Amino acid sequence: MIGVILVEKGNYSFDDVFTKDIVKYGRLTLLGAIPLCFLPAIYLWLVHDAVPSMQVILTGWFLIASIYGVEYVVTPISYFPILGISGTYMAFLSGNIANIRVPCAIVSQDVVGTEPGSNEAEVVATLGMAGSVITNLIVTTVAALGGVWLYNLFPPIVVQALDYVLPSIFGALFALHAVRNPKFGVFGLGIALIFNGFFSGLPTIALVPICVFGTMIFGAFDYKKGKKAIETK
Amino acid sequence: MGGYLDIANSLGMWIMAIPVVLITGVQAIIFVKKSLDACKTKVVNLSKEQCKTAFRVGAVSAIGPALSVFIVMIALIAVIGGPMSWLRLSIIGAAPTELTAAQMGAEAMKVDFGGSDYDLTAFSSSVWVMTLNGCGWLLFCGLFTDKLGKLQDKVAGGDSKLMGVIASAAVLGTAGYLLSRHLLAGGPSFRAGIVSAIAMLVLEKVAHNKPKLKEYNLGIAMVIGMISAVVI
């Protein structure tokens, strides 16, 4: 009843009705998802006694963090201007940010016709992304259940072709990004071919940071050089 | 492939995957409710119809790219099983990210990802690394999303472009590293890598002004690469 009276008087602000609750539930769902994500790993350990040594886990963690560690911080910051607070909570729980969330948010805003940066735009983006999350859940569930079944039906040549899914994905992924930054692409693949070709005796734990950080440092230098050239002009 | 897939596809693993998949759906439902509350209380100037339209457009636009996830996911299922593919592709971390993490888990054990010595323990190592990797984003965004608004203004005063440059260089350093091993392996792996890269370049040109077509590019390039590996 009190709520109704307040509405009639128009005493609610966007912060009170939307943002505060979004932060509350956003934080709850993201931090709550962390322990849930460990369930399969813990299940394999306790029920099937399948667990690598702590050293292996830490090594793997180091390897992957040396690749994506920067992205944990940089991607949320770089998408924030597009996603806003509610969009960031959704996109970084459900993933597929560049290929699904961002396009869906933008198309929804476009169709409804909201002012960029307005509260309306944020609500519409939230609804659009929610729609895309539901679609994604349906498709992944069908793929998970039917995909295994489909896999068993595949003719041998298809199964054989699936052995080459990794080079195919990495080739396409590399080309996609290299086209936007050809210089970094040439450097990144060059350094990797040199080190993997001639120094393949080095452990992965050294090879990954050399290739990744090497390319990052090259990128930073290149950017600073370009900036200086513009400034001196 | 090894016997680990029996356990990777077991009922227990399916049950362990359910809570994470559910939480993304639950969050979406809560956020829709809050959006509708904002419309009802008139703090935003949107009609109920506009809210419905926004949701529907998002749901429909997602079909295309979600189907390309479907293709990649079937390939992922072959290596890490249905339940883990379902869990990992329902939350943060796209398919290439998860594949990289799974591969790093195998490399930490010093075995070939998906190879003959890739056993249950190696699979478990992949699971740990995929999980820990995904938690990086969950933790950062769970703790700091509400503070990002304030941070954004500060960084803009600094050099936000430099951060973007470093991030794209990191992506290329990684993709280059992963691709190089397959190129150096030669034969069908080399062909698959090169052909899918060329296919991607052509597709990007063709789909330049057609965002709808673009959504399928990765899936199509991948299929072309795989065909070149087994047919030529």
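The values are calculated or read from the model by the stated rules, or taken from the named source; none is laboratory data. Just so it is clear, the structure is predicted and the values come from calculations on it, not from any experiment. Note: ideal-geometry Cβ built from the backbone for every residue, glycine included; neighbour counts use all protein chains shown.
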Study note, to complete from the structure: By my count, helices (runs of 4 or more DSSP H) wholly in the stretch A:117-233 with at least 1 residues that are surrounded by 14 or more Cβ atoms within 10 Å (Cβ to Cβ) and in contact with a His (Cβ under 9 Å, 6 or more places away or on another chain) are A:165-180, A:182-198
Review point. Can you name the number of the only condition in (1) more than 7 Å from chain A (Cβ to nearest Cβ); (2) at pLDDT below 90; (3) in contact with an Asp or Glu (Cβ under 8 Å, 6 or more places away or on another chain) that B:A106 fails?
Key: (2)
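Provide a single number: the residues in the stretch B:36-60 that are among the polar types (S, T, N, Q) and buried (at least 23 other Cβ atoms within 10 Å of the Cβ).
Summing the residues that are among the polar types (S, T, N, Q) and buried (at least 23 other Cβ atoms within 10 Å of the Cβ) in the stretch B:36-60 gives 0.
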Review point. Which of the residues spanning the stretch A:22-50 are hydrophobic (A, V, I, L, M, F, W, C) and in contact (Cβ under 8 Å) with a residue 40 or more places away in the chain?
Key: A:I22, A:V23, A:L30, A:A33
Review point. If you scan the stretch A:30-68, which residues turn out to be under 17 Å from the mean Cα position of the chain (by Cα) and within 30 Å of B:K33 (Cβ to Cβ)?
Key: A:L30, A:L31, A:A33, A:I34, A:C37
Review point. Out of the stretch B:183-206, which residues are crowded, with 24+ Cβ neighbours inside 10 Å and modelled with pLDDT under 90?
Key: B:M200
Review point. Would you say B:V32 is in contact with an Asp or Glu (Cβ under 9 Å, 6 or more places away or on another chain) and either within 30 Å of B:V127 (Cβ to Cβ) or facing another protein chain (nearest Cβ under 7 Å) (or both)?
Key: no
**Study point:** In the stretch A:99-108, residue farthest from B:K33 (Cα to Cα) [restricted to those that are at the interface with chain B (Cβ under 8 Å from one of its Cβ atoms) and surrounded by fewer than 22 Cβ atoms within 10 Å (Cβ to Cβ)]
**Key:** A:N99
Check your understanding: Which of the residues that make up the stretch B:89-127 are aliphatic (A, V, I, L, M), closer than 21 Å to B:V72 by Cβ, touching a Phe, Trp or Tyr at 6+ places or on another chain (Cβ under 7 Å) and part of a helix (DSSP H, G or I)?
Key -> B:A102, B:A106
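From the set of residues in the stretch A:25-59 that are of a type in the set (S, T, N, Q) and in a helix (DSSP H, G or I), which is surrounded by the most Cβ atoms within 10 Å (Cβ to Cβ)?
Start the filter on the stretch A:25-59 by keeping residues that are of a type in the set (S, T, N, Q), which leaves A:29, A:53, A:55, A:59.
So of that shortlist, the ones also in a helix (DSSP H, G or I) come out as A:29, A:55, A:59.
Working: A:T29: 21, A:Q55: 9, A:T59: 23.
For the stretch A:25-59, the residue satisfying everything is A:T59.
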Review point. Condition test on B:I63, is it surrounded by fewer than 19 Cβ atoms within 10 Å (Cβ to Cβ), free of Cβ contacts under 8 Å to residues at least 24 places away in the same chain and facing chain A (nearest Cβ under 8 Å)?
Key: yes
